[in-house]
Amino acid sequence: MTDDPAQLLTLMQRDPEAARQLLEANVGQLAAGNPMMAMMMQLMAAQRGQRDDAVAIRRARVDRVRTQLRDLREALGNAHELLAELAAALGACGDCWGELDDCASCHGRGGPGWRSPDPELFDELVAPAVRRRARIQPKEGNTE
């Protein structure tokens with residue numbers, strides 16, 4: 001270990017891990033001849049192990065949250081794509097569906113039927129529901 005505090009400070013700034021190892025080695029040498037110092041070194045090592053465990057737990061949590069965030073962003077992107085397709089199938093504004101007066105695309109007038117529906121998307125996304133609704137809707141005059 002260097003006896004010069006300025007050299008140690010320079011080492012700590014340049015390579016904190018090397019400085020830590022140097023300090024541990026020198027304190028370890030001191031602890032070899034001093035039982036009290038040896039006990040303090042054991043306590044410090046145990047605390048460092050606990051700290052390392054806590055850091056590992058936090059990193060695992062951060063990784064899980066990042067994965068969840070990535071998955072949520074992907075799901076949100078997919079939902080936006082589906083809503084845009086449905087809006088096109090119904091001839092609605094894909095930005096606000098006619099709900100926002102300050103919408104740059106439709107100025108609040110873009111509800112379903114605002115423009116011509118996309119025939120292919122209508123056949124794919126809307127027509128099956130219309131046919132099903134027609135089958136289950138009671139006939140006029142039928143009180144069932």
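Just so it is clear, none of the values below were taken in a lab; they were calculated from the coordinates. Note that the structure is predicted; figures quoted are calculated from it, not measured. Neighbour counts are summed over all protein chains in view; Cβ atoms, including those assigned to glycine, are modelled from backbone coordinates with ideal geometry.
May I ask you to derive the FRET efficiency for ALA75 and ASP53 from their Cβ-Cβ distance with R0 = 35 Å, giving the value to the nearest 0.05? Once rounded, the FRET efficiency stands at 0.60. Remark: the ALA84-ALA38 segment gains 9.7 nm on full extension, using 0.36 nm per residue and subtracting the alpha carbon distance. In plain terms, the chain from GLN13 to ALA46 could stretch by 9.3 nm, reckoned as 0.36 nm per residue minus the Cα-Cα distance. Using θ = phi - 60° in the Karplus curve 6.51 cos²θ - 1.76 cosθ + 1.60, the 3J(HN,Hα) couplings for the stretch 120-133 round to 5, 5, 4, 4, 7, 9, 9, 3, x, 6, 5, 4, 5, 4 Hz; x is entered for Gly and Pro. Computed log10 I(q)/I(0) for the stretch 60-144 at 0.13, 0.18, 0.19, 0.25 Å⁻¹: -0.63, -0.84, -0.87, -1.08, from the Debye equation with unit scatterers placed on every C-alpha and solvent omitted. Size descriptors for the chain, from the alpha-carbon set: Rg then Dmax equal 34.2, 103 Å. Between the alpha-carbon centres of the stretch 35-95 and the stretch 12-33 there is a gap of 34 Å.
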